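**Student:** If you scroll down you'll find the structure; I have some questions about it.
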Amino acid sequence: MPTIFDQPPDAVRRDLDALSNSLDAAIPAKAQDNLLIATWNIRAYSSLTRKWTAGSNDSPKRDLRGLRAIIEILKRFDVIAIQELKGDLRALRDTMKFLGDDWAFLMTDVTLGGKGNDERLAFLFDRSRIKPSGLAAELVVPPERLNRMDAGALSEQFARTPYAVSFQREQATFILVT
């Protein structure tokens, strides 16, 4: 069974090379004077078919080709907010292994219930460029505040609560919310 570290078939390698060249033209290179931040709703980022190209009967449809393409994009940034990370973390585990030891992540727990859709939020970040500075929080309106709001101001909370994390790069600290 192939792994994310194996040499891809020639057709996949050509596709990944073309993607890399396109990204080189569209996204600035990491430099001392920039900080590259992205947000990406990667639909159903969870399990993985361990083939380079998934067949019509394979489930899930995300295969090694797709995951390597996702990784090619992710590695261009210093920090990425990811939405729709599911309960199954196989694709994330392979992503982190491929990105290497300079990369880390922080994530929420899975949101339960029908509206939660077994999803969570995450921040992936390049530790050679930034580091967490201490804050990690889900943003929720406390019940006692709901009682003090005007009627109809807020009928319900978010299905998946926003997630805030603070990061530091040199002397600058910043908070990202997804």
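Values in this text are rule-based calculations from the coordinates and carry no lab data. This is a predicted model, so every value here is computed, not measured. As a convention, Cβ positions derive from the backbone with ideal geometry for all residues, glycine included, and neighbour counts pool all protein chains shown.
**Student:** Nearest 0.05, what FRET efficiency do Met149 and Ser22 give at R0 = 45 Å with Cβ-Cβ as r?
**Tutor:** Values: r = 47 Å, r/R0 = 1.06.
Approximately 0.40, to the nearest 0.05.
**Student:** Which order do peptides 3-16, 163-176 fall in by mean Cβ count within 10 Å, highest first?
**Tutor:** The densest-packed peptide leads the list: 163-176, 3-16.
**Student:** Indicate, rounded to the nearest 5 percent, the antiparallel portion of the DSSP beta bridges found entirely in the chain.
**Tutor:** Numbers: 23 of 30 bridges.
Antiparallel: roughly 75 percent of the beta bridges in the chain.
**Student:** Taking only DSSP H segments of four or more residues, each worth -39500 (n - 2.57), what value at 222 nm results for the chain once the sum is divided by all its residues, to the nearest 500 deg cm²/dmol? Please list the in-between numbers first.
**Tutor:** Numbers: 4 runs with 42 residues, N = 178.
The helix contribution divided over the chain gives -7000 deg cm²/dmol.
**Student:** A further question follows. For region 1-65, calculate the relative contact order in percent as a whole number, restricting contacts to Cα pairs under 8 Å that are 6 or more residues apart.
**Tutor:** Reported relative contact order: 36 percent.
**Student:** Still on this structure: For region 94-178, what proportion of DSSP beta bridges, expressed in % and rounded to the nearest 5, is antiparallel? Numbers along the way, then the final one.
**Tutor:** On the way: 17 of 17 bridges.
About 100 percent, rounded to the nearest 5.
**Student:** Would you list which aspartates and glutamates come within 13 Å of Lys86, measuring only between C-alpha atoms, while excluding same-chain residues fewer than 8 positions from it?
**Tutor:** The reachable aspartates and glutamates, counting only those whose Cα sits under 13 Å from Lys86, are Asp109, Asp118, Glu119.
**Student:** In addition: Please build a GNM for the chain, connecting alpha carbons under 10 Å apart, and tell me which residue among Arg68, Arg160, Arg43 fluctuates the most.
**Tutor:** Residue with maximal mean-square fluctuation among Arg68, Arg160, Arg43: Arg43.
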